[in-house]
Amino acid sequence: MRAEIIESIRQKAFLGLIIILLTATGLVFTAIGTLGINHLHGRLLDFSTKYQDEHIFHLYDPFNSEEILRSFLNESDAVERLMRFHERLENNPYFRYLDLNSQSIYIQDYSGPEKFVKGYEDGRADLNKPVDINGNLYRPVKGMQFSELVFTTFKPSLHSGRYFLSSEYHYQEDQPIPLILGSEYQGIYSLGDQLNIYFLGLQSRAQVIGFFNKDSYVFINGDIGYLDRQMVMPSLEFAFPALGTPIPDYLFAFYHVKTSGYVISKDLNADEVQVLINQFCRECRLTGWQIEGSHVNNLDILNLESHEFFISFLIISVVVFIFTFINIVLSLSLKIKNNLHTYAIHLISGATPSDIKKVIAAEIAFYLIIANILAASFAYLKFAYIGFNPTPLVISIIIGVLSLIYPFHQINQLNISMYLRGKR
Amino acid sequence: MLIELNNIYKNYGQGDNLVRALRGISLQVEDGEMVAIMGKSGSGKSTLLNIIGGLDTFDQGEYYYKGKKTVFKNQEQMARFRRNKIGFIMQNFALIEHKTVFDNVALPLRYNRLSRKTIENRVRQELSNMGLQDKAKRYPYQLSGGECQRVAIARALINEPELILADEPTGALDSNTEEEIMNILQDFNRRGKTIIIVTHDHNIATMCNRIINILDGKEVSA
């Protein structure tokens, strides 16, 4: 039987190749289309519905160049003013301030998978090689920093472990920094594992205290930010150093980041929020912080665009599949028509119609398996972060089964004696 | 009794295109007989052979094989009936052109799921019996008509079937080769196997134990 299957595949190998390529193309389009609609569009819709009445604004600091930054740091009590500004943002009666940032965390002697390394999805993980910090090698992994309000606003759920305690948002030198890891970290780290980290100039111990559920997310940079491959730490608060003690460099770095979060309000529009930000700046003798609208309506537009984008992918995949299906049926019918004499010989030599059908089914299965492997490999290389999608596999099984109907009918109708008569 | 057909009818087509291929034919073939079925073209002799061999169904009548009533509900049942019981020899040899002589002869053994070594031994033996031991790696298009028919006979015999059905086995051969093929079949019959040959050639028919004449789908006396 195996010899017959190989022989059947070898005949008209070019047609087989076309079937494989067409199917693989269709499967890739389907994978992207369905994943896009199921994951992104679905989540965006969910998010839009949940935060329909909210206005979200991203706060940007004015430190656009080294010169501006240096000039600011040269000012007396610059860091202290920055810390006061942050406090003002967090404690005001007008809006909620989300201390939410995406800064990579450097892990000492990191030996985990590349997918967690900063820049992996953009194909830039290789650029983020281990760096020597004080004699040890550290590698940057994707990280996020949440204030307590981030958890109460977006409610990312935990698979195991616990959330940060209120006290853990305040840095204590003798305590490890708690970490909650994305779902894909399970099996790589366990609850209680300790790591040496380097973050914004601060070297510290950290400890894994929890894991997020798969597909947990927050809203960040105008989009849904999945936490599956993220290492999340508290957005730490620091006490201002006592008079006469030096101000550590990391303090500026932390509060620089912490004053670039998100403003959420139900009632205030962009102008009103900007007026308030300017007022807070004046109070702290600062200038230049600007907001940019990340209104949830943007998500509706994104939703609509992504919906249309992925629907077009699905339409293309349907067209490709129709071509593939017709191609499989026609080429198989042609092949079977050419092989009817051979099948008739097999049938007088001990084969049953089922044996012949098994060869045809195995041939189609071979084409579809190769096409699935190609499509999955391509999808993995290009969209490694999207994970497994069973839809292409299900579609190829349906195509395979439908493609068998006509060839099987031809075999059932085969008049053996007619095909064994005639000339050699 | 190996085969008993009672009052077999077979029609093809419908309405104006209706062809009455067999019209109530009955016959018996004893185990170990060599029988010739003779008749003109279109007389129904090949249809009769197809029904005996389980290649075709009949519309009416009864078919007993070794005393057991044979009823085919579908192609699978017909195929299972043919497997191991019947060897077919066709006028045009019915060899697979892109398979070697060895692979053509080995085909029935492969469907019996025999080991590679058993297949190798039995095919070598059968090719040797047919004087084709040095042709194993050749392809059918590299052989003469007589050699092709010997390959076809080797394939028909390899499973040691109870019955050989030959449809004009010498129809495509010259007279010398014709005699050679008939000698092989006679020798096989002498070893106790039953053979039914369809032919329109009287010389071939006279080399058999018995002749059944068919005209318009019915048996007629000689």
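Of note:
- Note on chain A: GNM, Cα springs under 10 Å; of A:ILE277, A:ILE405, A:ILE107, the largest mean-square fluctuation is that of A:ILE405.
- With contributions of -39500 (n - 2.57) from each DSSP H run of at least four residues, the per-residue ellipticity at 222 nm computed over the protein assembly as shown stands at -14000 deg cm²/dmol.
- The lysines within cross-link reach of B:LYS68, meaning a Cα-to-Cα straight distance under 20 Å and a gap of 8 or more places when in the same chain, are B:LYS85, B:LYS193.
- Beta-bridge orientation, segment A:100-234: approximately 75 percent antiparallel, per DSSP, counting only bridges with both partners inside.
- Heavy-atom accessible surface of segment B:108-163: percent carbon and sulfur, 1.4 Å: 41 percent
- Checked against a 18 Å cut-off, the cross-linked pairs B:LYS99/B:LYS137; A:LYS142/A:LYS214; A:LYS357/B:LYS69; A:LYS12/B:LYS99; A:LYS357/B:LYS117 give Cα-Cα distances beyond that limit for A:LYS357/B:LYS69; A:LYS357/B:LYS117.
- Ranked from largest, the principal axis spans of the Cα set of segment A:100-234 equal 39, 37, 28 Å.
- Accessible area expressed per residue, the protein assembly as shown, with surrounding protein chains retained (probe 1.4 Å, Å²): 48 Å²
- Taking Cβ atoms as reference points and 14 Å as the exclusive limit, the residues near B:ARG210 contribute a net charge of -4, counting Lys and Arg as +1 and Asp and Glu as -1.
- Length released on extending from A:VAL131 to A:PHE240, taking residue separation times 0.36 nm less the Cα-Cα span: 36.3 nm
- Each eigenvalue of the Cα gyration tensor of the protein assembly as shown, multiplied by 5 and square-rooted, gives one semi-axis; in descending order these are 87, 25, 18 Å.
- Springs join every pair of Cα atoms under 10 Å in this Gaussian network model of chain A, and among A:SER312, A:SER403, A:SER65 the largest mean-square fluctuation is at A:SER65.
- Loss of accessible area when B meets A, both sides summed, Å² nearest 100, probe 1.4 Å: 2500 Å²
- Under 18 Å of direct C-alpha separation, and excluding same-chain neighbours fewer than eight residues apart, B:LYS45 reaches these lysines: B:LYS10, B:LYS218.
- Of every Cα-Cα pair in segment B:42-191, the percent that sits beyond 22 Å: 43 percent
- In nm, spacing of pseudo-spin labels at A:ALA13 and B:ASP174 (7 Å Cα→C-beta vector): 4.0 nm
- The contact residues of segment B:97-120, meaning those that lose at least 30 Å² of 1.4 Å-probe accessible area when all protein chains sit together rather than their chain alone, are B:HIS98, B:LYS99, B:LEU107, B:TYR111, B:ARG113.
The values are calculated or read from the model by the stated rules, or taken from the named source; none is laboratory data. Because the structure is predicted, anything quoted here is derived from the model rather than measured. Cβ atoms come from the backbone with ideal geometry, glycine included; neighbour counts cover every protein chain shown. To get the accessible areas, we keep the full protein, side chains included, count just its heavy atoms, and leave off ligands, DNA and RNA. Shrake-Rupley method; radii C 1.70, N 1.55, O 1.52, S 1.80 Å.
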